[in-house]
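The values are calculated or read from the model by the stated rules, or taken from the named source; none is laboratory data. In this text the structure is predicted, and so the values were computed from the model without any measurement. Here the Cβ is made from the backbone with ideal geometry for all residues, glycine too, and neighbour counts use every protein chain on show. These area figures cover heavy atoms from the full protein model, side chains too; ligands, DNA and RNA do not enter into them. Shrake-Rupley method; radii C 1.70, N 1.55, O 1.52, S 1.80 Å.
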Amino acid sequence: MSKHGTVHWTELMTRDVTGTKAFYEAMCGWTFSEMPMPTGMYYLGMRGGVPVAGLFDVSGSDFEGYEPQWMTYFAVDDIDAALEQTRDAGGKIAREVFEIPGVGRIAMITDPGGAELGIMTPAETA
């Protein structure tokens, strides 16, 4: 379980799944396992049998406007309180809380400088 304020997960949004997987297989020694999702296939990057990152395709119409990028998610003990703290500290809410069963409660925010990140209360404590 990730502790409050630490990186919990990171994932890569890409338009070239095949090329991207090949790149990280060669550079990092990752293997990939597939996990079907409602919006398409999600790929778990694995190192030594341990999941280290996610990867998914953003070339479909559901992801219009998204650029290929890495997205980092920070663990928070209480996502509702973290959203209030985000507002109070000058951040903005880009996407309100949504839940992914077995994963946790997630929201997308931007910091005062405009950088987007995810915050989540992982399922173990959600």
- Find which of PRO101, GLN69, TYR24 sits farthest along the positive direction of the dipole of the range 1-105, computed with +1 on the beta-carbon of Lys and Arg, -1 on that of Asp and Glu, about the Cα centre. TYR24
- Note on the structure: Scalar couplings 3J(HN,Hα) for the range 77-87 by Karplus 6.51 cos²θ - 1.76 cosθ + 1.60 (θ = phi - 60°), nearest whole Hz, x for Gly and Pro, are 5, 9, 5, 5, 5, 5, 5, 4, 5, 4, 4
- If exposed GluC sites (Glu not before Pro) are those in a DSSP loop with at most 14 other Cβ within 10 Å, what is the longest stretch of the chain that has none? 1-63
- Query: If we restrict to alpha carbons, what Rg and Dmax does the range 5-126 come to, in Å?
  - Reply: 15.1, 43
- Note on the structure: Given backbone amide H placed at 1.01 Å from N, residues whose amide H is under 5 Å from that of HIS8, ignoring those fewer than 5 places away on the same chain, are TYR73, PHE74, ALA75
- Per residue solvent-accessible surface (Å²) - the chain, probe of 1.4 Å: 59
- With at most 16 neighbouring Cβ atoms within 10 Å, loop trypsin sites (Lys or Arg not before Pro) (DSSP) excluded, longest segment of the chain: 16-126
- Mind checking the log10 I(q)/I(0) for the range 1-62 at q = 0.20 Å⁻¹? Debye, one equal scatterer per Cα, no solvent, two decimals. -0.80
- Let me know the charge dipole size of the chain about its Cα centre in debye, to the nearest 20, where only the beta-carbon of Lys, Arg (+1) and Asp, Glu (-1) is charged. 300
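Of all accessible surface on the chain at a 1.4 Å probe, what whole percent is carbon and sulfur?
53
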- Note on the structure: In deg cm²/dmol, rounded to the nearest 500, the helical mean residue ellipticity at 222 nm of the chain, built from -39500 (n - 2.57) for every DSSP H run of length 4 or more, is -5500 deg cm²/dmol
- Note on the structure: For the range 32-41, in residue order, the Karplus 3J(HN,Hα) values (coefficients 6.51, -1.76, 1.60; θ = phi - 60°; whole Hz; Gly and Pro = x) are 10, 10, 9, 9, x, 10, x, 9, x, 7
- Per-residue HN-Hα couplings for the range 11-17, Karplus 6.51 cos²θ - 1.76 cosθ + 1.60 at θ = phi - 60°, whole Hz, x for Gly and Pro? 9, 10, 9, 9, 9, 10, 4
